[in-house]
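For reference, the structure is listed below as structure tokens.
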Amino acid sequence: MTEFKLLAPYDFVPLDPFVFEPDWAERVSHDVPFADGHSGSLFLHIEALTPLFVGAGQAKPSGDRTGCTEKRAFTIGDRPAIPGTSLKGAIRNVLEIASFGRIGPMMDDIRLSLRDLHNPRDYVLKMTEKKEGGYAPKAKAGFLEIDDDGEWWLTPCDYSVVRQTDLEIHYKAAHQVHLNLGRRQSAKDKYDQLAKVPLDLRFNAGPWSVADNDFAPGRYLSRAHDLGRGTTLGRLVMTGQPQDRDKGPRKNSGKGSGKAVEFLFHSRGERRKLSAETRFTFEAVHRDPNTHRPQGSWAYWQPRLEKREAVPVFWLESQESGRQTEDGIAAMGLSMMFRLAYPMGTRSHARQNGDGLDLAAVMFGHAPDGTEGDALKGRVRCRDAICVDGDWGEWVEMPMLAPKPGFYPAYVRQQRGEQGTVDRVPVEKPPSDDGNWGNGVAGYTTFMTDGAVIRGWKRYPVSRNVRQRARPEKGGDNVMSRFRPLREGATFWTRVDFHNLRLTELGALAWAITFGARDGRYCHALGGARFAGYGCTRLTIVGADIEPNAPDEPRRNDALLWDQAIPAFTATMERAVPRGWARSPQLRELLSMADPEAESGNLGEMAGPKPFQDAKRERAFLPLHSGGVDPGQEKLPSFRSGRGGPKEGTRGRASPPAITKGSVDGEAVEILKRSGWVVTVRFVESGDIEDIDANELDG
């Protein structure tokens with residue numbers, strides 16, 4: 001197997017189930033001072049180590065005809081600036097990670113979906129079933145409609161497939177319309193070609209069977225014949241053409257392997273009312289997760305539905321899929337092999353303990369689900385940072401599209417199978433009664449898998465270099481943005497105000513600004529195009545005005561931060577984190593991604609769909625930026641689908657030795673915790689806590 005490198009402009013700080021919940025959370029107040037509380041300001045100097053662009057909305061350039069969008073820089077008056085909200089977000093995110101905070105409330109709860117023809121377990125076997133001589137789609141057909149009360153209704157119907165070439169011949173003869181349905185195009189493009197002619201056609205529906213000719217070979221379907229003169233009346237339904245019909249010759253055939261059929265929906269049944277859950281799931285899959293606007297074919301059909309037009313859909317019966325629903329519909333889409341929604345939103349996979357407020361919420365504020373409720377006002381305020389020295393650089397054009405969180409080799413915690421130059425997930429073997437998987441497939445964990453966990457806190461690692469992003473194959477100039485960054489070396493001044501922070505909280509704030517390092521080694525990523533290395537910025541505390549709540553204590557300067565406050569924070573965390581804070585994988589990855597000198601070999605981008613497909617074929621997943629191991633990615637054996645988890649005895653190692661004391665390289669250690677072959681030990685002499693492989697342990 002060739003070595004394959006999965007590249008990404010982002011990486012993850014592993015998600016730990018432990019959440020630190022300050023025991024003073026219920027006593028936080030703006031009116032009642034803490035005995036060890038402090039109020040005042042920290043004065044910050046900010047330096048851009050790479051070009052920096054902070055946007056403030058966008059508009060099309062005057063007279064521009066390319067569709068490229070110009071992004072306007074944030075300024076105060078005529079001076080470049082960084083909004084205080086941007087600084088607050090960056091500092092708070094570091095604190096959330098460093099203080100073992102709760103990720104769920106801070107992430108969008110997105111209902112993602114899956115369409116992966118190389119994933120038998122989570123997609124193919126849910127959408128198709130084996131028939132003698134071939135395969136049958138499980139998807140049924142129907143028409144979606146909306147009534148005057150806004151309720152959605154589905155009218156089931158039968159369907160047959162029809163050759164594109166037969167349609168092209170029919171419409172040329174009957175309506176003098178010259179169709180080209182076989183070129184790569186969207187469903188909308190196809191319907192536009194037939195905008196002025198009827199879509200209702202007469203034909204004869206063949207029996208449901210498996211064909212061995214070139215008419216949808218190997219698939220159990222009803223095939224349409226006698227187009228334009230049969231006894232059955234149907235509505236022509238067309239779906240997108242992902243590649244040209246004649247592209248890539250089909251095995252043992254001189255014809256292309258591209259999509260060569262469309263559909264005729266006919267013989268309507270009794271309509272049924274759709275549940276709110278079915279509607280929500282369908283719309284979630286067919287809209288942009290950021291803008292919530294309809295996308296793809298739904299952008300074409302949604303306005304027509306609102307105008308009371310019947311929209312052709314495919315759907316899965318809940319009885320057959322095993323997912324019981326109120327209306328009997330497990331899933332619904334706009335093509336026969338439609339995107340299948342995951343059963344839960346992403347927030348459900350952020351599996352952490354407890355339900356109290358974390359340290360970041362206690363300091364920066366908390367508003368549950370955007371409501372007033374038990375909202376807590378923040379005690380930290382970041383002011384806008386004004387540029388005091390800097391020049392505008394050259395204009396830059398690049399696509400600013402966000403990465404897709406549905407790519408599970410990166411966004412979902414994976415089991416580690418083979419290790420080497422590239423870590424891979426285990427091979428998953430087919431169930432004994434289903435031999436269509438060959439020698440096995442990549443045993444990926446997806447959001448469909450029981451117990452799936454998100455990878456963790458997503459961050460863009462800082463870098464000393466900016467990278468050009470490749471123009472996407474689709475979209476052209478319509479997805480390109482134009483912006484003018486400040487040159488590297490630009491400097492800013494600002495201040496952070498705080499009120500009634502305990503000494504530990506003050507230390508946490510200072511640590512989150514500087515990553516606990518006085519030498520400026522670590523940096524934040526601010527502004528736009530962080531995925532390309534822009535916005536690597538160093539924040540330095542250059543002064544402080546700190547007034548203790550205690551009336552007999554004098555005002556203090558920044559020495560208090562380094563001598564007392566930061567040590568108080570780190571000591572609190574060291575006591576709180578079960579496996580130790582300073583050596584934790586969470587802190588290791590945070591600092592690694594904040595170090596511009598610690599660039600990962602996996603930092604970069606993959607252009608086009610092929611590299612992502614290759615990554616899955618190679619069973620690769622995104623490694624951690626530091627090269628370390630996520631403790632949640634156990635070295636598990638191969639497993640078989642439907643067998644309830646890992647099989648004993650595969651992949652070779654017996655259970656680790658059950659000892660409570662031992663030594664590592666001659667140093668005495670105590671065993672604190674075991675997780676498979678990962679052992680957490682405390683070195684008796686130094687008190688250091690570390691995760692090691694059980695093979696390193698001498699009994």
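The values are calculated or read from the model by the stated rules, or taken from the named source; none is laboratory data. What you see is a predicted model; the values in this text were computed from it and never measured. Here the Cβ positions follow ideal geometry from the backbone for every residue, glycine too, while neighbour counts run over all protein chains shown. Ligands, DNA and RNA are excluded from the accessible area calculation, which covers all protein heavy atoms including side chains. Shrake-Rupley method; radii C 1.70, N 1.55, O 1.52, S 1.80 Å.
Of note:
- Top-ranked residue in the stretch 30-51 [being in contact with a strand residue (DSSP E or B) (Cβ under 7 Å, 6 or more places away or on another chain) and assigned to a loop (DSSP other than H, G, I, E, B); ranked as surrounded by the fewest Cβ atoms within 10 Å (Cβ to Cβ)]: H30
- Boolean, A284 is open to solvent by less than 10 Å² (accessible area, probe 1.4 Å), of a type in the set (A, V, I, L, M, F, W, C) and closer than 23 Å to R115 by Cα: no
- In the stretch 229-241, of all residues being part of a loop (DSSP other than H, G, I, E, B) and open to solvent by less than 40 Å² (accessible area, probe 1.4 Å), the one that is farthest from L264 (Cα to Cα) corresponds to G240.
- Leading residue by the ranking (most open to solvent (accessible area, probe 1.4 Å)) among those in the stretch 74-87 that are closer than 19 Å to C536 by Cβ and in contact with a strand residue (DSSP E or B) (Cβ under 6 Å, 6 or more places away or on another chain): F74
- Among the residues of the stretch 122-134, those identified as under 32 Å from the mean Cα position of the chain (by Cα), open to solvent by 50 Å² or more (accessible area, probe 1.4 Å) and in contact (Cβ under 8 Å) with a residue 60 or more places away in the chain are L125, K126.
- Flag if T514 is open to solvent by less than 20 Å² (accessible area, probe 1.4 Å), more than 25 Å from W392 (Cα to Cα) and in contact (Cβ under 8 Å) with a residue 24 or more places away in the chain: yes
- All positions within the stretch 530-554 that are touching a residue at least 24 places away in the same chain (Cβ under 8 Å) and either part of a loop (DSSP other than H, G, I, E, B) or of a type in the set (F, W, Y) (or both): F531, G533, Y534, G535, N549, A550
- When the stretch 27-42 is filtered for residues that are without any contact (Cβ under 8 Å) to a residue 60 or more places away in the chain and under 14 Å from A568 (Cβ atoms), nothing remains.
- Considering the stretch 8-29, and only residues there that are part of a loop (DSSP other than H, G, I, E, B) and open to solvent by 50 Å² or more (accessible area, probe 1.4 Å), the residue that is modelled with the highest pLDDT turns out to be E21.
- Residue, modelled with the lowest pLDDT, within the stretch 36-66, restricted to residues that are over 23 Å from V496 (Cβ atoms) and out of contact with any Lys or Arg (no Cβ under 8 Å at 6 or more places or on another chain): S62
- Looking across the stretch 313-334 at every residue that is assigned to a loop (DSSP other than H, G, I, E, B) and either of a type outside the set (K, R) or in contact with a helix residue (DSSP H, G or I) (Cβ under 7 Å, 6 or more places away or on another chain) (or both), the one that is modelled with the highest pLDDT is identified as L334.
- All positions within the stretch 88-130 that are of a type in the set (A, V, I, L, M) and outside any helix (DSSP H, G or I): I103, M107, I110, L112, L114, L117
- Whether a residue is in a helix (DSSP H, G or I), of a type in the set (G, A, S) and in contact (Cβ under 8 Å) with a residue 40 or more places away in the chain was assessed, and A571 does not pass this test.
- Subset of the stretch 163-184 [touching a helix residue (DSSP H, G or I) at 6+ places or on another chain (Cβ under 9 Å) and either aliphatic (A, V, I, L, M) or closer than 25 Å to A299 by Cα (or both)]: V177, L179, N180, L181, G182, R183
- When the criteria are applied in full, D630 meets the requirement of being open to solvent by less than 10 Å² (accessible area, probe 1.4 Å), over 30 Å from F74 (Cα atoms) and charged (D, E, K, R).
- G150 meets each of the listed conditions (1) among the small types (G, A, S); (2) surrounded by fewer than 14 Cβ atoms within 10 Å (Cβ to Cβ); (3) more than 30 Å from T278 (Cα to Cα) apart from (3).
- Selection from the stretch 188-212 of residues that are open to solvent by 70 Å² or more (accessible area, probe 1.4 Å) and aromatic (F, W, Y): W208
- Restricting K259, K190 to those that are assigned to a helix (DSSP H, G or I) and within 38 Å of the chain's Cα centre (by Cα) reduces the list to K190.
- Of everything in the stretch 158-185 that is in a loop (DSSP other than H, G, I, E, B) and touching a residue at least 40 places away in the same chain (Cβ under 8 Å), the residue that is most open to solvent (accessible area, probe 1.4 Å) is R184.
- Qualifying residue in the stretch 432-440 (condition: under 28 Å from G104 (Cα atoms) and either modelled with pLDDT under 90 or surrounded by 14 or more Cβ atoms within 10 Å (Cβ to Cβ) (or both)): no
- Enumeration of residues in the stretch 88-108 that are open to solvent by 40 Å² or more (accessible area, probe 1.4 Å) and in contact with a strand residue (DSSP E or B) (Cβ under 7 Å, 6 or more places away or on another chain): K88
- When the strands (runs of 3 or more DSSP E) confined to the stretch 587-699 are screened for residues that are at pLDDT below 70 and in contact with a Ser or Thr (Cβ under 9 Å, 6 or more places away or on another chain), those reaching at least 2 such residues are found at 667-675, 689-693.
- Cβ-Cβ contacts under 7 Å between residues 6 or more apart (or on different chains), taken from a first residue in the stretch 213-239 that is farther than 20 Å from K190 by Cα and in contact (Cβ under 8 Å) with a residue 12 or more places away in the chain to a second residue that is aromatic (F, W, Y) and open to solvent by 20 Å² or more (accessible area, probe 1.4 Å), are listed as G218/Y135; R219/Y135; Y220/Y135; Y220/W208; L221/W208; S222/W208.
- Filtering G489, G527 for residues that are open to solvent by 10 Å² or more (accessible area, probe 1.4 Å), in a loop (DSSP other than H, G, I, E, B) and closer than 26 Å to N602 by Cβ leaves a single hit, G527.
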